[in-house]
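Here's the structure we're looking at; comments come further down.
The values are calculated or read from the model by the stated rules, or taken from the named source; none is laboratory data. Treat the numbers as computed from the prediction; the structure is a model and nothing was measured. Here the Cβ positions follow ideal geometry from the backbone for every residue, glycine too, while neighbour counts run over all protein chains shown. What goes into the accessible areas is simple: the full protein's heavy atoms, side chains included, and nothing from ligands, DNA or RNA. Shrake-Rupley method; radii C 1.70, N 1.55, O 1.52, S 1.80 Å.
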Amino acid sequence: MRILFLGAPGAGKGTQCKRLSAKLKLPHLSSGDLLREAVKDGTPAGVAAKSFMDKGVLVPDNILIDMFRERLSSSSCANGFILDGFPRNIAQAKALDVLLEDLKAQLSCVINLEVDDRLLSDRITGRRTCGNKTCAAVYHLKFAPSKVDGICDECGSALTQRSDDKEELVMARLKTYREQTEPLIEYYDSKKVLHTALGEGEPDQIFEDILKTLNTNCLIKQ
Ligand code: AMP
């Protein structure tokens, strides 16, 4: 299965993609995670991406396209993958079409995770992530707090806030989403692969809805 998730920042794509990845045993490719890792490791792509990420705007397309060409062509993606955060504009979506054509593959399903605007900002600014890279559990100050403030329940490491999750950058990221990423809904709808799932409520319920959507429309084996 080759699944692509769309949705605004804070829609919960990361959380749901991680669950789906464990359930379907497919690699979860998050563009944001890959970029943050590249920044941390100081790779040429990371160095080039950092100033854009710090402003909450999109990193140049060629960096993402090269990154995903390498990942999607690797043997770990031979049985499928879950894309989260790429593509993020029409040019990237067209580049993905070409990559998939080269691999003689097609997207099985695009899921648009819908969340009311008022919720998005709350979700982003309250998000906290375990600083231990191999754990990377995600919490929320209000909706999913850790048992001990600032400490990961899973591994005891300190929780951190992503620098671009701070309030002053959230509006810029949501504006970028509206202007550049939202048109992808129409792009994939016209290709008849788009399905919508509601991203509000309890994470377990949202996950069930996503599975139901995939089962009904994409015939997954659970
Ligand atoms: P995310 O974790 O998905 O919210 O991404 C964090 C930041 O990484 C975004 O605000 C962008 O600066 C950058 N980014 C992630 N994915 C892409 C993409 N497909 N194209 C361009 N920039 C991206």
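Are any of the pairs 18/133; 133/175; 13/104; 13/55 more than 18 Å apart by Cα-Cα distance, and if so, which? Don't skip to the end; give the middle numbers.
On the way: 18/133 14 Å; 133/175 29 Å; 13/104 26 Å; 13/55 21 Å.
Correct reply: 133/175; 13/104; 13/55.
Quick check for you: with a 1.4 Å probe and neighbouring chains kept, what is the accessible area per residue of segment 134-196, in Å²?
The answer is 64 Å² per residue.
Which one of 56, 38, 12 has its Cα pushed farthest toward the positive end of the charge dipole of segment 1-66, where Lys and Arg give +1 and Asp and Glu give -1 at the Cβ?
12
Per residue of the chain, what 222 nm ellipticity follows from adding -39500 (n - 2.57) for every DSSP H run with n ≥ 4, rounded to the nearest 500? Write out the running numbers ahead of the final one.
Numbers: 9 runs with 104 residues, N = 222.
Calculated at 222 nm, the ellipticity per residue is -14500 deg cm²/dmol.
Normalise the Cα radius of gyration of the chain by 2.2 N^0.38 Å (N = residues in it) and let me know the number.
Computed over Cα atoms of the chain, the ratio equals 0.98.
Quick one: how many Å² of residue 75 are accessible to a 1.4 Å probe, rounded to 10?
Roughly 110 Å² of residue 75 is accessible to a 1.4 Å probe.
Quick one: if you stick a label point 7 Å off each Cα along the C-beta vector at residue 48 and residue 162, how many nm between them?
The modelled label-to-label distance comes out at 2.2 nm.
Might you work out the accessible area of residue 216 for me, using a 1.4 Å probe with all protein chains in place, and round it to the nearest 10 Å²?
Rounded to the nearest 10, that gives 100 Å².
When the solvent-accessible surface of protein heavy atoms is calculated with a 1.4 angstrom probe, in what order do 127, 118, 178 fall, highest first?
Values: 127 50, 118 190, 178 80 Å².
Greatest to least solvent exposure: 118, 178, 127.
Once you put a point 7 Å from the Cα of residue 132 and another 7 Å from the Cα of residue 153, both along the Cβ direction, what distance in nm separates them?
1.5
Could you work out what % of the accessible surface of the chain is carbon and sulfur, using a 1.4 angstrom probe and leaving DNA, RNA and ligands out of the count? Mind dumping the intermediate values first?
Working: 5990 of 11710 Å².
The value for the chain is 51 percent carbon and sulfur by accessible area.
Taking only C-alpha pairs under 8 Å that are 6+ residues apart, what is the relative contact order of segment 106-222 in percent?
Answer for segment 106-222 is 34 percent.
From the protein chains alone at 1.4 Å, what is the descending order of accessible area for 59, 148, largest first? Could the numbers behind the result be given before it?
Details: 59 10, 148 90 Å².
Result of the area sort, largest leading: 148, 59.
On a full-extension model of 0.36 nm per residue, what is the gain between residue 99 and residue 118, subtracting their alpha-carbon distance, rounded to one decimal in nm? Intermediate results must be reported in sequence, preceding the final value.
Details: separation 19, 0.36 × 19 = 6.84 nm, distance 3.58 nm.
Here the segment from residue 99 to residue 118 would lengthen by 3.3 nm.
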